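These notes are about the structure you will find just below.
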Amino acid sequence: MNAYKKLLFGLVTIFGLMIWGANRADVLADEINLRNRVGEAARCTVYTVLMQDANYNLLLDCRDILYPGGASVFSYVLWAVPTNGGNHFRLGTIDFGKNFFKTKTPFNALYVTKETDSKTRTPAGPVMMQGSLERNEFLDGPAPTPGASELGEPTPTPIATPAPRSLGRIFAAGGVLAFVAIFGVILVIFVITRK
């Protein structure tokens, strides 16, 4: 009877994990490109990975973020749209365009608002950038076939071979050697006769 209880408990646990995992499988290893909505050059990419601890790790990388000087101080805040349709939740400020976030809540879209209070719990400012979850073609696409190279077929490397010597070069080299030999003989004769 004890074996049946263990088997039943194991099956219920596996079934429960499968159902729980089906809801969390929306974001495994994907990216979200946050495109600008107000005509500025700023844009961000967020790489997201579901880790073994059931947290989504988000790595944010932005370009051309502008922060004006003077009295108008504001923060860019990153928000997530949950997959289950609940309330949007705050991930944090994007600082200077490089940041890391963690969340346990599955999501399918992100957006950035311009807020005067960086600790706000609800989005109040205008939406500056937004984007939806995109499939990572490299990771989620078909697996590369064995032996196939991403860079194409290799081309043979040329091997340097010595150029053939022409007859004129041989005579030129022989002429130089003959001149040096004759000069050496004359020098030896001059030294011997000098004594």
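Read-outs throughout are calculated quantities, based only on the coordinates presented, and are distinct from any laboratory measurement. Keep in mind the model is a prediction, meaning the values are calculated, not measured. Methodologically, a virtual Cβ is constructed for each residue, glycine included, from the backbone with ideal geometry; neighbour enumeration extends over all protein chains shown.
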In the range 103-125, anything out of contact with any Pro (no Cβ under 7 Å at 6 or more places or on another chain), closer than 20 Å to Ala42 by Cα and not in a loop (DSSP other than H, G, I, E, B) is listed as Ala109, Leu110, Tyr111, Val112, Glu115
Of the residues in the range 91-116, those that are without any contact (Cβ under 8 Å) to a residue 40 or more places away in the chain and among the charged types (D, E, K, R) come to Asp95, Lys98
Filtering the range 74-102 down to residues that are assigned to a strand (DSSP E or B), of a type outside the set (Ser, Thr, Tyr) and surrounded by 14 or more Cβ atoms within 10 Å (Cβ to Cβ) yields Val77, Leu78, Trp79, Ala80, Val81, Pro82, Phe89, Arg90, Leu91, Gly92, Asn99, Phe101
Thr45 passes all but one of the listed conditions (1) part of a strand (DSSP E or B); (2) within 13 Å of Thr103 (Cβ to Cβ); (3) free of Cβ contacts under 8 Å to residues at least 24 places away in the same chain; the exception is number (2)
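Can you pull out the residues in the range 57-73 that are assigned to a strand (DSSP E or B) and either touching a residue at least 40 places away in the same chain (Cβ under 8 Å) or crowded, with 20+ Cβ neighbours inside 10 Å (or both)? Can you show your working first?
Looking only at the range 57-73, we keep the residues that are assigned to a strand (DSSP E or B), and these are 57-63.
Within the range 57-73, Asn57, Leu58, Leu59, Leu60, Cys62 qualify.
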